[in-house]
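The values are calculated or read from the model by the stated rules, or taken from the named source; none is laboratory data. Worth saying up front: this structure is predicted, and the values here are computed from it rather than measured. All Cβ positions, even for glycine, are placed from backbone atoms using ideal geometry, and neighbour counts span all protein chains on display.
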2 protein chains.
Amino acid sequence: MKAFYQDFKLGIVGGGQLGRMLLQFCPNFNVHACVLDPSADGPCSGLANEYTQGSLQDYDTVYAFGKQVDLLTIEIENINIDALYQLEREGLPVYPQPRVIEIIQDKRIQKQFYLDNGIPTADFILVDNRADIEAHADFLPAFNKLGKGGYDGGGVQSLTGKADLARAFDDYGLLEKTVDLQSEISVIAARSSRGEIAVFPAVECIFHPEYNLVDYLIAPSSLAAEVLAQAEELAKRLIESLDVVGLLAVEMFVSKDGEVLINEVAPRPHNSGHQTINANDTSQYEQLLRAIFGLPLGSTAINKPSAMVNLLGEEGYTGPAIYEGLDRLLEIDGANIFLYGKKITKPHRKMGHITILGNDMETLKEKVQLVKKAIKVLA
Amino acid sequence: MKAFYQDFKLGIVGGGQLGRMLLQFCPNFNVHACVLDPSADGPCSGLANEYTQGSLQDYDTVYAFGKQVDLLTIEIENINIDALYQLEREGLPVYPQPRVIEIIQDKRIQKQFYLDNGIPTADFILVDNRADIEAHADFLPAFNKLGKGGYDGGGVQSLTGKADLARAFDDYGLLEKTVDLQSEISVIAARSSRGEIAVFPAVECIFHPEYNLVDYLIAPSSLAAEVLAQAEELAKRLIESLDVVGLLAVEMFVSKDGEVLINEVAPRPHNSGHQTINANDTSQYEQLLRAIFGLPLGSTAINKPSAMVNLLGEEGYTGPAIYEGLDRLLEIDGANIFLYGKKITKPHRKMGHITILGNDMETLKEKVQLVKKAIKVLA
């Protein structure tokens with residue numbers, strides 16, 4: 001096989017912000033990067049060596065894209081899986097493997113995988129429609145999750161009791177028992193094509209009370225060391241059981257009695273790993289490149305405590321984005337902005353993020369509040 | 001003026017590795033980047049939003065390039081200065097300013113500027129040809145520097161005594177008295193279009209004994225605090241006297257008796273600032289963007305001690321580059337590689353660099369030796 005730095009083409013299916021940051025790391029390895037994305041002017045346009053506009057759900061489009069490259073990876077799961085299987089059968093390395101993506105694409109299959117492999121996860125019941133949910137009303141309070149297609153907080157609803165049944169999704173999905181939460185954490189694991197595994201230290205996710213999106217996160221998590229060790233071990237077991245080549249972002253619930261349960265996983269770079277760019281020896285993006293090229297994985301050590309704040313489109317504004325308060329933001333020591341190149345803002349749209357470095361947790365949390373007050377995405 | 005993130009074009013004159021790393025930071029600010037470079041497939045090709053192939057010395061080419069953009073910066077000094085002046089006269093912001101580039105392009109004018117502004121620098125004599133040098137043979141030992149065009153260790157020779165006179169450049173230049181060196185250090189200063197100044201901590205440069213290029217550097221420098229404070233103060237004074245908007249990389253000699261003397265400066269990102277990407281709150285590349293867009297400058301604090309090793313083409317090999325020992329290299333904890341996308345290696349050509357993070361100076365210096373043994377650029 002030719003070396004990855006010699007006339008080698010890496011294909012990335014999906015051209016959102018995760019692809020954009022991955023592209024920022026490709027030059028360090030002399031990687032020629034090709035991106036497939038449906039939008040004409042998404043976050044990766046103008047930045048990839050080659051950019052193809054096309055549907056990620058269309059078999060022919062994904063297949064034709066794959067035939068032009070030497071290795072294929074993804075930055076979104078919602079893609080035509082048959083095309084990936086066919087490319088793999090024809091000898092193209094597809095990392096993460098189609099088998100892994102297929103399990104993760106469907107939250108019902110994902111949940112079943114945890115059960116079958118003894119991976120702790122919240123209790124659940126499969127449901128096919130609203131009638132099914134009504135028949136299991138005694139299972140509430142629970143989260144009702146669509147089987148497929150949920151993303152960025154979509155496809156999930158909280159059903160607290162019978163009064164909520166009328167607005168329940170009438171769709172193929174599952175009910176997941178609500179956990180009495182102490183905290184939500186995330187661990188990003190990497191596994192290389194040689195089988196080497198490395199795990200980033202757990203980060204703590206603080207969710208936005210309304211939007212069901214990560215509002216900010218803190219790295220490392222301040223939970224008890226034994227809880228974090230358990231979480232990191234679980235991420236390791238999971239990436240091994242799934243036999244992933246690439247990254248596996250593992251979102252977990254920590255219950256009030258310290259139990260660690262898998263919430264969901266993503267086989268790609270993840271929102272909860274952005275801060276690794278500034279704060280760790282190796283970023284999640286570089287780690288993905290190392291993993292899929294069969295290079296030694298990098299040290300995941302944290303060099304400085306950090307926080308990551310998502311920059312969401314302000315409620316009530318839709319149109320060409322204006323970043324109000326950039327000056328106030330950039331005056332905050334250790335704050336770095338990452339804009340995603342999206343021309344149009346919409347309420348709650350992820351327009352960028354801010355990474356903050358700080359010497360200790362207290363300073364960091366103060367800076368998070370300053371950052372959130374400093375900047376707004378208007379139109 | 002429109003905001004820098006809205007249909008705004010940044011022009012970068014020069015498309016080498018410094019431009020390449022600058023491009024890696026442009027997406028964070030939604031900056032649409034246009035590069036002008038003479039090569040068809042240089043380090044920035046395929047990565048810039050727009051890439052124009054053309055001569056940097058040709059008035060019409062540089063002028064036409066500038067007319068297409070909203071702000072112009074540079075990543076190499078050796079460019080047509082008349083075109084930059086004309087663009088500036090027509091209202092284009094050119095940062096650093098043509099006036100600054102013109103002073104720095106000619107080492108004789110640069111030296112005279114230091115004298116006129118009371119900036120300490122090694123003694124020198126201007127020479128127009130070899131006969132002039134012979135007439136000043138009693139000034140040796142000295143460095144003979146060409147007035148214009150020297151780059152990456154070229155255009156500089158050491159003349160230790162009369163025996164060396166026969167091989168002295170027969171050209172417009174200067175003789176600079178050899179300083180009895182304790183150390184060579186470098187400080188990168190930034191000044192924004194609003195006049196704010198920030199200075200990165202001084203780094204120590206260890207030169208390759210033969211090639212007259214930085215072999216590796218250590219950040220921060222381990223020299224006495226009062227010497228470093230003097231160096232950082234000097235860099236600040238210099239960027240103020242020159243009235244630069246952008247970066248000024250200031251290379252300095254520290255004599256055995258602790259005197260700090262300016263060696264040379266560059267008004268752009270610099271080899272001695274690469275490690276800021278991994279080790280500091282703000283990288284030199286982000287700092288340049290903040291400076292020219294009139295944003296608050298970032299904190300220059302070092303988060304972890306680091307070293308930077310240049311990856312030079314191995315003696316005796318010319319042709320398509322092969323990076324032998326990448327695996328051994330990437331097994332070293334805290335080592336990150338940055339390849340420059342140059343297809344052809346030549347002896348001593350800068351093909352990339354490696355940044356190393358370490359907990360203390362001793363570990364770092366050990367890792368530098370491991371890194372240098374691990375990887376070779378062959379063909």
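On the given criteria, is A:LEU357 within 9 Å of chain B (Cβ to nearest Cβ) and either surrounded by fewer than 23 Cβ atoms within 10 Å (Cβ to Cβ) or modelled with pLDDT under 95 (or both)? Can you show your working first?
Values: within 9 Å of chain B (Cβ to nearest Cβ): yes; either surrounded by fewer than 23 Cβ atoms within 10 Å (Cβ to Cβ) or modelled with pLDDT under 95 (or both): no.
Judged against the criteria, A:LEU357 is not a match.
Each row is one residue, and each column tells you yes or no for (1) touching a Phe, Trp or Tyr at 6+ places or on another chain (Cβ under 6 Å); (2) under 28 Å from B:ALA48 (Cβ atoms); (3) not in a loop (DSSP other than H, G, I, E, B).
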{"residue": "B:VAL265", "(1), (2), (3)": "no, yes, yes"}
{"residue": "B:ARG268", "(1), (2), (3)": "no, yes, no"}
{"residue": "B:SER272", "(1), (2), (3)": "no, yes, yes"}
{"residue": "B:LEU295", "(1), (2), (3)": "no, yes, no"}
{"residue": "B:ASN310", "(1), (2), (3)": "no, yes, yes"}
{"residue": "B:TYR323", "(1), (2), (3)": "no, yes, yes"}
{"residue": "B:PHE338", "(1), (2), (3)": "no, yes, yes"}
{"residue": "B:LYS342", "(1), (2), (3)": "no, yes, no"}
{"residue": "B:ASN359", "(1), (2), (3)": "no, no, no"}
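Would you mind stating whether B:ARG328 is within 12 Å of B:ILE375 (Cα to Cα), assigned to a helix (DSSP H, G or I) and assigned by TED's automatic domain parsing to the domain that holds B:LEU364? Before you say what the answer is, go through the steps one by one.
Values: within 12 Å of B:ILE375 (Cα to Cα): yes; assigned to a helix (DSSP H, G or I): yes; assigned by TED's automatic domain parsing to the domain that holds B:LEU364: yes.
It is true that B:ARG328 is within 12 Å of B:ILE375 (Cα to Cα), assigned to a helix (DSSP H, G or I) and assigned by TED's automatic domain parsing to the domain that holds B:LEU364.
Name every residue in the stretch B:27-39 that is crowded, with 17+ Cβ neighbours inside 10 Å and not aromatic (Phe, Trp, Tyr), in order of residue number. Lay out the reasoning, then the answer.
Filtering the stretch B:27-39 down to residues crowded, with 17+ Cβ neighbours inside 10 Å leaves B:27-37.
Within the stretch B:27-39, B:PRO27, B:ASN28, B:ASN30, B:VAL31, B:HIS32, B:ALA33, B:CYS34, B:VAL35, B:LEU36, B:ASP37 qualify.
Could you tell me which residue of the stretch A:301-319 is surrounded by the most Cβ atoms within 10 Å (Cβ to Cβ), considering only residues that are more than 10 Å from chain B (Cβ to nearest Cβ) and more than 21 Å from A:LYS367 (Cβ to Cβ)?
It comes out as A:GLY313.
Run down A:ILE332, A:ILE292, A:ILE322 and say which single residue is within 8 Å of another protein chain (Cβ to nearest Cβ), among the aliphatic types (A, V, I, L, M) and farther than 22 Å from A:ALA202 by Cβ.
Working: A:ILE332 fails: within 8 Å of another protein chain (Cβ to nearest Cβ); A:ILE292 fails: within 8 Å of another protein chain (Cβ to nearest Cβ).
Within the list A:ILE332, A:ILE292, A:ILE322, the selection yields A:ILE322.
Residues of the stretch A:280-296 being hydrophobic (A, V, I, L, M, F, W, C), farther than 15 Å from A:GLN24 by Cβ and either touching a Gly at 6+ places or on another chain (Cβ under 7 Å) or surrounded by fewer than 21 Cβ atoms within 10 Å (Cβ to Cβ) (or both), which ones?
The initial filter retains those residues of the stretch A:280-296 that are hydrophobic (A, V, I, L, M, F, W, C), namely A:288-289, A:291-293, A:295.
Retained after the next criterion (residues that are farther than 15 Å from A:GLN24 by Cβ): A:291-293, A:295.
Those that are hydrophobic (A, V, I, L, M, F, W, C), farther than 15 Å from A:GLN24 by Cβ and either touching a Gly at 6+ places or on another chain (Cβ under 7 Å) or surrounded by fewer than 21 Cβ atoms within 10 Å (Cβ to Cβ) (or both): A:ALA291, A:ILE292.
What residue, among those in the stretch B:40-55 that are surrounded by fewer than 24 Cβ atoms within 10 Å (Cβ to Cβ) and under 23 Å from B:LEU87 (Cα atoms), is farthest from the other protein chains (Cβ to nearest Cβ)?
Taking the stretch B:40-55 and keeping what is surrounded by fewer than 24 Cβ atoms within 10 Å (Cβ to Cβ), we get B:40-42, B:45-46, B:49-55.
Restricting the remaining residues to those that are under 23 Å from B:LEU87 (Cα atoms) gives B:49-55.
On the way: B:ASN49: 4, B:GLU50: 8, B:TYR51: 11, B:THR52: 15, B:GLN53: 16, B:GLY54: 20, B:SER55: 24 Å.
Selected residue: B:SER55.
Look at the stretch A:123-155 and say how many of its residues are within 21 Å of A:HIS208 (Cα to Cα) and at pLDDT 90 or above.
Total meeting the criteria: 6.
Right, A:ILE109: in contact with a helix residue (DSSP H, G or I) (Cβ under 8 Å, 6 or more places away or on another chain), surrounded by fewer than 16 Cβ atoms within 10 Å (Cβ to Cβ) and of a type in the set (Val, Ile, Thr) or not? So that I can check it myself, show each step before the final result.
Working: in contact with a helix residue (DSSP H, G or I) (Cβ under 8 Å, 6 or more places away or on another chain): yes; surrounded by fewer than 16 Cβ atoms within 10 Å (Cβ to Cβ): yes; of a type in the set (Val, Ile, Thr): yes.
So A:ILE109 fits the description; yes.
Quick one: in the stretch A:1-21, of everything that is among the hydrophobic types (A, V, I, L, M, F, W, C) and within 11 Å of chain B (Cβ to nearest Cβ), which residue is surrounded by the most Cβ atoms within 10 Å (Cβ to Cβ)?
Pass one, the stretch A:1-21, residues among the hydrophobic types (A, V, I, L, M, F, W, C): A:1, A:3-4, A:8, A:10, A:12-13, A:18, A:21.
Subset that is within 11 Å of chain B (Cβ to nearest Cβ): A:3-4, A:21.
Details: A:ALA3: 13, A:PHE4: 20, A:MET21: 24.
Among them, the one singled out is A:MET21.
Which residues, taken from the stretch A:163-182, are charged (D, E, K, R) and either more than 30 Å from A:GLY16 (Cβ to Cβ) or free of Cβ contacts under 8 Å to residues at least 40 places away in the same chain (or both)? Lay out the reasoning, then the answer.
Our first condition is that a residue be charged (D, E, K, R); within the stretch A:163-182, this holds for A:164, A:167, A:170-171, A:176-177, A:180.
Once the filter is applied, which keeps residues that are charged (D, E, K, R) and either more than 30 Å from A:GLY16 (Cβ to Cβ) or free of Cβ contacts under 8 Å to residues at least 40 places away in the same chain (or both), the stretch A:163-182 yields A:ASP164, A:ARG167, A:LYS177, A:ASP180.
Restricted to the stretch A:56-73, and to residues that are among the hydrophobic types (A, V, I, L, M, F, W, C) and in contact (Cβ under 8 Å) with a residue 40 or more places away in the chain, which residue is surrounded by the most Cβ atoms within 10 Å (Cβ to Cβ)?
In the first step, residues of the stretch A:56-73 are kept if they are among the hydrophobic types (A, V, I, L, M, F, W, C); the result is A:56, A:62, A:64-65, A:69, A:71-72.
Subsequent filtering for residues that are in contact (Cβ under 8 Å) with a residue 40 or more places away in the chain retains A:56, A:62, A:65, A:69, A:71-72.
Numbers: A:LEU56: 20, A:VAL62: 26, A:PHE65: 23, A:VAL69: 22, A:LEU71: 20, A:LEU72: 28.
Ranking the qualifying residues of the stretch A:56-73, first place goes to A:LEU72.
Test each condition in (1) out of contact with any strand residue (DSSP E or B) (no Cβ under 8 Å at 6 or more places or on another chain); (2) of a type in the set (Gly, Ala, Ser); (3) not in a loop (DSSP other than H, G, I, E, B) for B:GLY42 and report the one that comes out false.
Condition not satisfied by B:GLY42: (3).
Hand me the list of helices (runs of 4 or more DSSP H) wholly inside the stretch B:74-162 holding 2 or more residues that are of a type in the set (Phe, Trp, Tyr) and either touching a strand residue (DSSP E or B) at 6+ places or on another chain (Cβ under 7 Å) or touching a residue at least 40 places away in the same chain (Cβ under 8 Å) (or both). Lay out the reasoning, then the answer.
Numbers: elements: B:81-89, B:98-105, B:107-116, B:130-135.
Output list reads B:107-116.
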